[in-house]
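Reading through the structure tokens given below for one structure.
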Amino acid sequence: MTLKTVKNIIGILLGNTLYALAVVLFIVPSGLITGGSTGLAIAAHHIFQIPITLFVSIFNIGMFAIGFFVLGKTFALTTLISTFYFPLILSVFEQTIGYTKMTSDPLLAALFGGVMIGTAIGLVIKCNASTGGMDIPPLVINKKMGIPVSVSMYVFDFIILLMQVFYTDKEMVLYGIVLVATYTLVLDKVLVFGKAQTEVMIVSKEYEKINNVIIQELDRGTTMLKSISGYMKNEYPVVMTVVSNRELPKLNDLILNIDEHAFMVVSKVNEVRGRGFTFKKEYIES
């Protein structure tokens, strides 16, 4: 077993543990409604008095079986840990700390619950795994019918939220929407955490000096893009580079020291792949 595999397993376990904590500390005690298999379990608990842990266990195993036969063995292996570990750790928390109400404010519960769930799902996905449950039907539909995963997932979440309307008031529906929106936003942030970089494009007549200082002082690669200015029709390259957020102030100072009239376009990029970022730098001796 490689070190990367061990790290992924730890990440999957940590993500599912955090998800279970959100359920017992914020979601259920505050009467919040949510989507996914947890939302179905809460609905089944209120309508049919089925224990949440039992429903989640049976539902996840059923979805795992569907994923195994429809999506293949590779998918099944990445989902196996979440399928069995989440109901287990949820049961452990139910029997130890119980459904402890951390706050009497539903809005706080929705926000903190959303942050925890979004972080949890993000951790699992970054470990190349799935949380199982309601993640699987959208994937199956996408494979069989070509419908985008995001579309069918939103439809399922909306239906699950509607199911919970029958035993909760309208205000709780609004809190449920806040919860779903929060964990969706946090999920996006977690997925790009540590990967976001800054792209800088510099237009200056001193492009040679700027290009050299970026390579020598910042130890970053550059790309020279052919360009023609729109008004003066000047022809000199645009220097493009990608730096970390911490390196941006230093880059700005270096450029302005060379040409205080330099024109810079700064953009945030979610992820950068290649040498110097996902691969080690290689230095060629001249």
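The values are calculated or read from the model by the stated rules, or taken from the named source; none is laboratory data. Just so it is clear, the model here is predicted, and its values are computed rather than measured. As a convention, Cβ positions derive from the backbone with ideal geometry for all residues, glycine included, and neighbour counts pool all protein chains shown. Quick note on the areas: whole protein, heavy atoms, side chains included, nothing else; ligands and nucleic acids left out. Shrake-Rupley method; radii C 1.70, N 1.55, O 1.52, S 1.80 Å.
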Legend entry - Residues whose placed amide H lies under 5 Å from that of residue 130, excluding near-sequence neighbours: 79
Inset, instruction - Output the pairs from 4/73; 126/268; 233/268; 7/126 with a Cα-Cα distance over 22 Å in this structure; if there are none, say none. - result: 233/268
Legend entry - Folded to 0 to 90 degrees: helix 52-71 orientation relative to the chain principal axis, Cα: 60 degrees
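When each pair of different Cα atoms in region 1-75 is counted once in the 1/r mean, what is the Kirkwood radius in angstroms, to one decimal?
Numbers: mean 1/r = 0.0704 Å⁻¹.
Hydrodynamic radius (Kirkwood, Cα pairs) of region 1-75 is 14.2 Å.
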Legend entry - Angle between the chain longest axis and helix 248-258 axis [Cα atoms, degrees, rounded to 10]: 10 degrees
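Which value at 222 nm does the chain reach when only helices count, each DSSP H run of 4 or more adding -39,500 (n - 2.57), with the total divided by all residues and rounded to the nearest 500 deg cm²/dmol? Write down the numbers at each step before the final one.
On the way: 10 runs with 170 residues, N = 286.
Taken over the chain, the calculation gives -20000 deg cm²/dmol.
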Inset, instruction - Would you kindly find the accessible area of residue 167, with a 1.4 Å probe and non-protein molecules such as ligands, DNA and RNA excluded, rounding to the nearest 10 Å²? - result: 70 Å²
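Any idea of the accessible area per residue across region 14-103, 1.4 Å probe, to the nearest Å²?
Working: 3970 Å² over 90 residues.
With all protein chains present, region 14-103 gives 44 Å² per residue.
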Legend entry - Amide H contacts of residue 262 (H built 1.01 Å from N, under 5 Å, at least 5 apart or other chain): none
Inset, instruction - Specify which labelled value, from (1) 20.1; (2) 22.1; (3) 18.8, agrees with Kirkwood radius over Cα pairs in Å derived from the coordinates of the model shown. - result: (2)
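If you roll a 1.4 Å probe over the chain with all protein chains in place, what percent of the accessible area is carbon or sulfur? Display every interim value, and only then the final one.
Numbers: 10670 of 16500 Å².
It is 65 percent, rounded to a whole number.
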Inset, instruction - Considering the options 212, 160, 228, tell which one lies farthest towards the positive end of the dipole of the chain, charges being +1 on Lys and Arg and -1 on Asp and Glu at the Cβ, about the Cα centre. - result: 160
Inset, instruction - Would you work out which of 21, 256, 50 lies farthest towards the positive end of the dipole of the chain? Charges go on Cβ: Lys and Arg +1, Asp and Glu -1. - result: 50
Inset, instruction - Can you figure out the FRET efficiency of residue 144 with residue 58, using R₀ = 25 Å and their beta-carbon distance, to the nearest 0.05? - result: 0.60
Legend entry - Principal-axis tilt of helix 3-22 within the chain, Cα atoms, nearest 10 degrees: 50 degrees
